[in-house]
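In what follows, a single structure is set out as structure tokens and then discussed.
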Amino acid sequence: MEALEGLEKPKAVFIGIDQSYTGFGLVVLDDAGNCLGKHLWKFPKTEDDGERLATINDKLWAHLGEYSLLNIEVHIAMEGYSYGSQLNREKLGELGGLVKMISFLLFGKSPTVFAPTTLKQSITGKGNASKEDMVVAIQRIDPEVTNHNVADAYGLAYMIYCAN
């Protein structure tokens, strides 16, 4: 595992997931709050929704599967659904279900789910913060973060880290 090469194995990792079809953010923190990895995966639209889900499944399964082999505690947080949204609710539900299923199969538990407003409130102090507000807030921790999906994933990883 690249992120742990040359480092002492942590007792736990904290993974934040901002699931999206267009920009899937994933951030991993160690048990001291250090960032082990920031990922932004883009999944191009395909003719078949099942094919796109299978691609996401393979990528997420492979990445999280590496942590399941370390025999350490793994805590995962994911962003909850935006219930007021009108577009693609069903597709986003399928994607959220996929994340929950992979987490359960690998680690025996579903991710902790944080509502989008709870995430924004915790990280920026405003429950209605914009995507840009989230990026700016996370840049105080990690100036390299420039994408809102990665910023959300970082915030989720940080929240689950603080909760444990």
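The set of residues in the stretch 39-53 being among the charged types (D, E, K, R) and touching a Gly at 6+ places or on another chain (Cβ under 8 Å) consists of Lys42 alone. In the stretch 150-164, how many residues are crowded, with 24+ Cβ neighbours inside 10 Å and either closer than 11 Å to Val13 by Cβ or β-branched (Val, Ile, Thr) (or both)? Selection size over the stretch 150-164: 2. Given the condition more than 30 Å from Asp48 (Cα to Cα), surrounded by 14 or more Cβ atoms within 10 Å (Cβ to Cβ) and charged (D, E, K, R), answer yes or no: does some residue in the stretch 82-98 qualify? No, every residue in the stretch 82-98 fails to be more than 30 Å from Asp48 (Cα to Cα), surrounded by 14 or more Cβ atoms within 10 Å (Cβ to Cβ) and charged (D, E, K, R).
Here's the yes/no breakdown for (1) without any contact (Cβ under 8 Å) to a residue 60 or more places away in the chain; (2) touching a His at 6+ places or on another chain (Cβ under 9 Å); (3) under 30 Å from Leu70 (Cα atoms):
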| site | (1), (2), (3) |
| --- | --- |
| Phe114 | yes, no, yes |
| Asn128 | yes, no, no |
| Glu132 | yes, yes, no |
| Ala137 | yes, no, no |
| Ile141 | yes, no, yes |
| Met159 | no, no, yes |
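Restricting the stretch 35-83 to residues that are hydroxyl-bearing (Ser, Thr, Tyr) and more than 25 Å from Asn164 (Cβ to Cβ), the residue that is modelled with the highest pLDDT is Thr55. The residues on offer are Val74, Val99, and the sole one that is touching a residue at least 60 places away in the same chain (Cβ under 8 Å), within 15 Å of the chain's Cα centre (by Cα) and over 22 Å from Lys120 (Cα atoms) is Val74.
Conditions (1) under 17 Å from the mean Cα position of the chain (by Cα); (2) part of a loop (DSSP other than H, G, I, E, B); (3) of a type in the set (Ser, Thr, Tyr), marked per residue:
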| site | (1), (2), (3) |
| --- | --- |
| Leu119 | yes, no, no |
| Asn128 | no, yes, no |
| Asp133 | no, no, no |
| Asn149 | yes, no, no |
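The values are calculated or read from the model by the stated rules, or taken from the named source; none is laboratory data. Quick caveat: nothing in here was measured; it's all calculated off a predicted structure. Every residue, glycine among them, receives a Cβ derived from its backbone with ideal geometry; neighbour counts consider all protein chains shown.
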